[in-house]
Ligand code: AMP
Ligand code: MG
C-alpha cells in the first residue's frame, strides 16, 4: 500500500479557454471518508491505479481534497429551462470539475465531483448529496453503459461521514463522475445570455474540437456542430426508448452536447409498456413521460438553436430559417434510429421490408400497451419465441388470439433469435431492486448494491443465480415514484 499522492496529469482546458464559465473553487472537507464503491475497469481505462485510489491519499483525490499539481477545480456556469421555465443562472451548485484527463485510448475525459459542497451557484441548496442518490447514479449509469447507451460514467462513491438533511438525516456522499465533457445545452444558453459573441464562438469551437471534430471542416462549422448535436440526441433518445429508460428531468441543463446521458436524478426504467409512464414526483404534468421524451429532446434542441442563432447568421431572420431547417433533421433521424432499433429487437435484418416491419412493430407495441406487458421480459421472451418456444412470450399477454396472430406473421419472416439475444437485455436496473439495494446501502450494507451492479453490468447473458434480477416488481411494490430531492 502506498500513501503517496495520486500522480495524474489533469488539464484545465475548459477553465483556460472558457474562463467566463469557470469559477475556481474547492471541495469541502469530508470528516470521515469511506470508499463505498470503486469502478476498477473504468479506473484502468483512465490510466489510474485502483490500488492507489483505495489508499487514504487516493480517497482524498476522489473527494477533490487532494488536488494533483497543475489541476484547478472549477464550478461550471450554465443556465437552463427547467420544466419549461428559464433560469439564467444555474451552474454547479454542488459539483466541481476537477479537470480533464487523457485516457488510455487517447480520449479527453472530464473528472467531476457531485456532492462536494456549496459553491457560489448553490442558491438555497446545501451543496451536498446523500449516499442513496449517488449510488443510484453509479448503478444506473454503469447499467446504461453496459447496455451500449452513451452516458457519463461513475468512477467512485465515497461516503463523507457527514449527514445530509433531506426529509430525514441521511449519510452524505460524493460521486466521482467521468464524462466526455460537461458541456450542456444550458452552457450555450448561459453564454448567449451574457451577450458575448466571442465567448459563444469559443464555446462552439471547444464543442467542435471535443465532440464533433468533423464540423470543423464543414462549410459552416457552427451549423454543422448544431446538426451533429441534433443527430447525437436523436440517436440517444431512440436508445433510451428501446430499453424503456425514463430520464425524468430532461431540462436543458441536463442535456449534453456530446450526446451522453447525464444527471441520473429521478430516472427509472419502465416495466409495463406505457407511453404515459412517469415516475418523478416533480413531473406532475408528465412533461418527461416515456413517450414524450423525443418531443422533449426536440424542444430542448430548439432552445439550443436559439442560443446559437448569432453563430448561424448575422441576419436573425436568416439565422432562424437555418435553425428551423437544421432542427427539421431531428424527426427523421429519430424515427429511423427507433425503427431500425425495433427491427433489431424483433430479430429482423435492417434490409427487412420497411412497411411490413413497421406495421409489425406498431401492432406489437399496441398489444403490449393494451395488456400492460413487461417491456424487458417480453422482448427477451420473443428471442425464445423465434426459436419456436412461444410459451414464455404468450404467458405475459392476456389477449392470446392477438399475440398468436402477431407471432405467426412475425415468425414467417424468419427472425434471428441469436441476434435478438444480443440486443434485448435480460436484466435492467429494476426499480424495486434499486430501492432495495439503496436502502441497504444507506443502512450500511453494501452487498446488495454490489450484487445488483454485477447483475446489471452483464445485461445480456442469462445466468444461474441471477433470476430474481430479471423479474418484474412484485405487485405489492405499487406505483413507483422517484424524488428529485437528491
Ligand atoms: P439537477 O436538477 O440535479 O439537474 O440540478 C439543477 C440545479 O440545482 C443545478 O444547478 C444543481 O447544481 C443545483 N442543485 C441541485 N441540488 C443541489 C444541492 N443540494 N445544493 C446546491 N445546488 C444543488
Ligand atoms: Mg443537472
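Sorted on the mean count of surrounding Cβ atoms within 10 Å across their residues, most packed first, peptides 196-208, 350-362 read 196-208, 350-362.
With a 10 Å Cβ neighbour count serving as the proxy for reagent exposure, in which order, fewest first, do 342, 144 appear?
Fewest-to-most ranking of 342, 144: 342, 144.
With contacts taken as Cα pairs under 8 Å and at least 6 residues apart, the range 311-449 reaches a relative contact order of 22 percent.
As a rough footprinting exposure proxy, the listed residues 188, 477, 245 were ranked by other beta carbons within 10 Å of their own, and the order from fewest upward is 477, 245, 188. Taking the average, over residues, of other Cβ atoms within 10 Å as the packing measure, peptides 431-438, 375-382, 151-158 rank 151-158, 375-382, 431-438 from highest down. With only the Cα atoms considered, the chain has a convex hull volume of 152 Å³ per residue.
Can you sort 102, 160 from fewest to most other Cβ atoms within 10 Å of each residue's own Cβ?
102, 160
Descending by average beta-carbon neighbour count within 10 Å, the peptides 449-456, 254-261, 41-48, 84-91 line up as 254-261, 449-456, 41-48, 84-91, the highest first. When shorter helices are ignored and each DSSP H run of at least 4 residues is given -39500 (n - 2.57), the per-residue value for the chain at 222 nm works out to -13000 deg cm²/dmol. Summary of the geometry: the range 397-463 and the range 203-244, compared by the centres of their Cα atoms, lie 31 Å apart. Between residue 4 and residue 299, full extension at 0.36 nm per residue minus the direct alpha carbon distance yields a gain of 101.3 nm. Based on C-alpha pairs under 8 angstrom that are at least 6 apart in sequence, the chain has a relative contact order of 14 percent.
Here, each number is a calculation from the coordinates, and none is a lab measurement. Predicted model only: the values in this text are computed from it and were never measured. When we count neighbours, we look across all protein chains shown, and the Cβ atoms used for this are built from the backbone with ideal geometry, even at glycine.
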